[in-house]
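These notes concern the structure reproduced below.
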Amino acid sequence: MERQNIAPPSSEDALSRLKTAFKAGVTATLASISIGFLFKIWLAQWVNKDDLALFNSVIDIVSLSLILMTGFRSSMVVTYSQTNNDRDIINIFRFCLITIVLLTWGVVLPYIKHELHINVGYFEMVGVIFSMGMKVYFTNLIAMYRLYDVSNKVTWIEPVTNVVGFIFCYYVLYFTPLASLFYSMAFSSLVAAHFMYWKRRKQIATKPIKSVQLDPNMRNYVRKSFTASLEAGASILMIYITVLLTITHFSLDELGDFQVVVRPIFTYMTMLFVFPIYRFVLPELTLCIKQGVHQQIKAIRRWIFRLAAMVSVTFFLIMLIGGREIIGFVFPPQYHGAVIVLFHFSMFFIFIMLNAYQLAYIKAHGKFTLSLLIRLSGIITLIVSYYLLSIFTANVVAIIVALCLGYVMMFILSTIAERKILSGYKLALSNC
């Protein structure tokens, strides 16, 4: 007998459920970051720098080719909450993911081998492409079914298996360091995918591969997924624009400050406090909207705003009081120029967190195109702000301030959009 989908928990527990998942997510992410960072430091001590550069470059290219599929995640969460039609949602996602994986295999892999002349083994690269594709598939399913506990466990399981896989390949099988890196990456992705598969299968039956009924709901889901994928690309583009501006207008020394110090800390802060909003807050908001429990939404909003204030003030005070000492302890003296850049970043971090909530709220109402337009406004603001600031200063701080102003603009526009949605609710109530 086929297992039935688990019923969603009562909306009365939405905030407490969110708090538990969020705190567990931050803890798991912190563990993941610590393991990954220590592993990178250890590798940097003895693995050839060129090998590490090749490995990271290939992983970045493959990740970028699959990033569009992560954009499906939010549309899967929203559409499943609205329709409960997981069979068609999953089959559409399967066909799209298979297409992207085959394109990556047939187009991106030859590009890496023959155009970029990166000498990496064929089987290593194929293994990475397919294993990362499998991980994306099950990660999206876990998010759609709101299996928070599984998601948090995968966060730290993957880096642990990556380290274990590398040690086994290098010290037991005697592979080269570069080959060991690729095989361990493929191994860790497959372990994560396998773990998510069995945990999900214990609660929810696997949906068979069948033809899709493209009714209006499913056509809307495809449109949402395409728009969400573009937004995922736009969010990454903001960071790459800052890198390009730094390369174009500043020295290699300032680029080093950004790439070695500022960008990793930006990434880690985002992983710890911004990504969990999309992983946990978005599904809960979607469920609360469907069930019409708007008091729960207000409670979630208040909690997120208080959390954002607490995290941002703490980050700012750390950079104000001990930023120079901390950076000086972790990084060599040549990177001390990053302190002032990080200080300005800490002043604006609250807008990055709050904007994540606002965009999650907008997406929970199915307004994915509006979310994309807001994201694009941030990119435009970033570029315009930088060139305006460069008139008054030639300091690299102008770039991080311009980036943060992009997030401020997104927060302003998303706040306006949120108020319009709330006004619509009030108008509907007054007409009843």
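The values are calculated or read from the model by the stated rules, or taken from the named source; none is laboratory data. Everything numeric here is computed off the predicted structure, so don't read it as measured data. Note: ideal-geometry Cβ built from the backbone for every residue, glycine included; neighbour counts use all protein chains shown. For the accessible areas, the whole protein counts, side chains as well, though only heavy atoms, and no ligand, DNA or RNA atoms are used. Shrake-Rupley method; radii C 1.70, N 1.55, O 1.52, S 1.80 Å.
Quick notes on this one:
- Taking every DSSP helix (H) stretch of at least 4 residues in the chain, weighting each as -39,500 (n - 2.57) and dividing the sum by the residue count yields a mean residue ellipticity at 222 nm of -27500 deg cm²/dmol.
- Cα gyration tensor category, rounded, prolate or oblate, for the stretch 126-241 with a/c compared to 1.5: prolate
- Calculated FRET efficiency for the pair residue 118/residue 427, C-beta based, R₀ 60 Å, to 0.05: 0.55
- Cα centre as origin, Lys/Arg/Asp/Glu Cβ charges: the stretch 257-365 dipole, Debye: 460
- Stretching residue 214 away from residue 173 to a fully extended chain increases their span by 9.8 nm, per 0.36 nm per residue minus the current alpha-carbon distance.
- The listed residues 105, 303, once ranked by accessible area (1.4 Å probe) with the largest placed first, stand as 105, 303.
- The C-alpha radius of gyration of the chain, expressed as a fraction of 2.2 N^0.38 Å, stands at 1.01.
- Note on residue 16 and residue 202: their simple-model spin labels are 2.3 nm apart, each label 7 Å out from Cα toward Cβ.
- Magnitude of the charge dipole, the stretch 39-91, Cβ model with Lys/Arg +1 and Asp/Glu -1, debye to 20: 120
- Anisotropy class of the stretch 23-102 from Cα gyration tensor, a/c 1.5 cut: oblate
- Dipole of the chain [Lys/Arg +1, Asp/Glu -1 at C-beta], most positive-end residue of 102, 248, 342: 102
- Cα gyration tensor shape for the stretch 186-276, rounded if a/c is under 1.5, else prolate or oblate: oblate
- Our estimate of slack between residue 393 and residue 294, defined as 0.36 nm per intervening residue step minus the Cα-Cα distance, is 31.0 nm.
- Here the Gaussian network model covers the chain, with springs between Cα atoms less than 10 Å apart; of 74, 225, 32, 32 fluctuates the most.
- For the chain, a simple Cβ point-charge model (Lys and Arg +1, Asp and Glu -1, everything else neutral) yields a dipole of about 1660 debye relative to the Cα centre.
- Residue of 62, 384, 281 that the Gaussian network model of the chain assigns the largest fluctuation, springs spanning Cα pairs under 10 Å: 384
- Maximal additional length on extending the residue 331-residue 83 stretch stands at 84.2 nm, based on 0.36 nm per residue less the C-alpha distance.
- Here the accessible area is traced with a 1.4 Å probe on the protein chains. For the chain, carbon and sulfur cover 68 percent of it.
- Between 425, 62, 229, the Cα set farthest toward the positive side of the dipole of the chain (charges on each charged residue's Cβ, about the Cα centre) is that of 425.
- Under 21 Å of direct C-alpha separation, and excluding same-chain neighbours fewer than eight residues apart, residue 367 reaches these lysines: 224, 290, 298, 420, 426.
- Relative contact order of the chain, pairs being alpha-carbon contacts under 8 Å that are 6 or more residues apart, as %: 21
- Selection among 415, 369, 297 by position relative to the dipole of the chain gives 297 as farthest towards the positive end (Cβ unit charges, Cα centre).
- For the chain, built as a Gaussian network whose Cα springs stay under 10 Å, the top-fluctuating residue of 96, 404, 288: 96
- Accessible area per residue in Å² at 1.4 Å probe, computed on the stretch 350-432: 45
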